[in-house]
Amino acid sequence: MQFLLPETTVREAGIGPVVDIGEARAGTLILTLGITRILEKEHIDVAIWGSSDGVNFGTIPIAAYPQKCYCGTYQMHLDLSTRPDVKYLQVQWDAGRWSVGKGKPLFTLYMLLHAHEHEFAFAGA
């Protein structure tokens, strides 16, 4: 498990650090987006971008969460088997308000990267 974005408070669009995903890129990954603070009538869009060199991330994200407007933890599977070139990931977000009001949006969020582990649960076990 590693952070793609450590817990961060944001008030506008931004970009997280470039993260080398190392050996994790061999299969399916689980991304966990945590939103620990959000104000009423605000929304945030979070996308994940991939790169082979850590510099060029292209023009289209490799994954995106549906728009969020509540605190919570949200998981997404990211299958990189069709993208063996991706060695680096970066989180980007855009924050906004539904209503015209004073002040900028306010969010606190983080994102974790987990290597997918196959676990089997048996009924009655």
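The values are calculated or read from the model by the stated rules, or taken from the named source; none is laboratory data. All figures in this text were calculated on a predicted structure; none of them were measured in a lab. Ideal geometry is used to build each Cβ from the backbone, glycine not excepted, and the neighbour counts take in all protein chains shown. Heads up: the accessible areas ignore ligands, DNA and RNA and are worked out on the full protein's heavy atoms, side chains in. Shrake-Rupley method; radii C 1.70, N 1.55, O 1.52, S 1.80 Å.
Whats the longest run of the chain with zero chymotrypsin sites (Phe, Trp or Tyr not before Pro) that are DSSP loop and have at most 11 other Cβ atoms within 10 Å?
1-69
State in Å² the accessible area per residue of region 2-91; use a 1.4 Å probe, count heavy atoms of protein chains only, and round to the nearest integer.
Value returned for region 2-91: 54 Å² of accessible area per residue.
May I ask you to list the aspartates and glutamates whose Cα is less than 20 Å away from that of K87, ignoring any residue fewer than eight positions away on the same chain?
Partners within reach: D20, E23, D53, D79, E117.
Determine how large the accessible area of V18 is when every protein chain is in place; take a 1.4 Å probe and give Å² rounded to the nearest 10.
It works out to around 70 Å².
Please report the accessible area of L80 (heavy atoms, 1.4 Å probe, ligands and nucleic acids excluded) in Å², nearest 10.
Rounded to the nearest 10, that gives 0 Å².
Enumerate the amide H contacts of L39 below 5 Å, restricted to partners 5 or more residues apart or on another chain; note that Pro and chain-start residues carry no placed amide H.
Under 5 Å from the amide H of L39: L106.
Compare E42, E12, E23 in a GNM of the chain, Cα atoms joined below 10 Å, and give the one with the largest fluctuation.
Its mean-square fluctuation being the largest, the pick is E23.
From the list (1) 20.6; (2) 9.4; (3) 13.9, can you say which value of mean projected area of the Cα convex hull in nm² was derived from the structure given?
So the structure-derived entry is (2).
With θ set to phi - 60° and the Karplus curve 6.51 cos²θ - 1.76 cosθ + 1.60, what are the ³J(HN,Hα) couplings of region 52-61 in order, to the nearest whole Hz, using x for Gly and Pro?
Once θ is set to phi - 60°, the couplings for region 52-61 become 8, 10, x, 10, 9, 10, x, 10, 10, x Hz.
Carbon-plus-sulfur fraction of the accessible area of the chain, 1.4 Å probe, in percent?
Accessible surface attributable to carbon and sulfur in the chain totals 54 percent.
Please turn the phi angles of region 32-45 into ³J(HN,Hα) values with the Karplus equation 6.51 cos²θ - 1.76 cosθ + 1.60 (θ = phi - 60°), one per residue in order, whole Hz, x for glycine and proline.
These are the phi-based 3J(HN,Hα) values: 10, 9, x, 10, 9, 8, 7, 9, 4, 6, 10, 9, 9, 10 Hz.
Using the Karplus equation 6.51 cos²θ - 1.76 cosθ + 1.60 (θ = phi - 60°), what ³J(HN,Hα) coupling, rounded to whole Hz, does each residue of region 2-14 give in order, writing x for Gly and Pro?
Whole-Hz 3J(HN,Hα) from phi for region 2-14: 8, 7, 8, 8, x, 3, 9, 9, 10, 10, 7, 4, x.
K68: which lysines have alpha carbons under 25 Å from its alpha carbon, excluding same-chain residues fewer than 8 sequence positions away?
Once the sequence-local lysines are set aside, what remains near K68 is K41, K102, K104.
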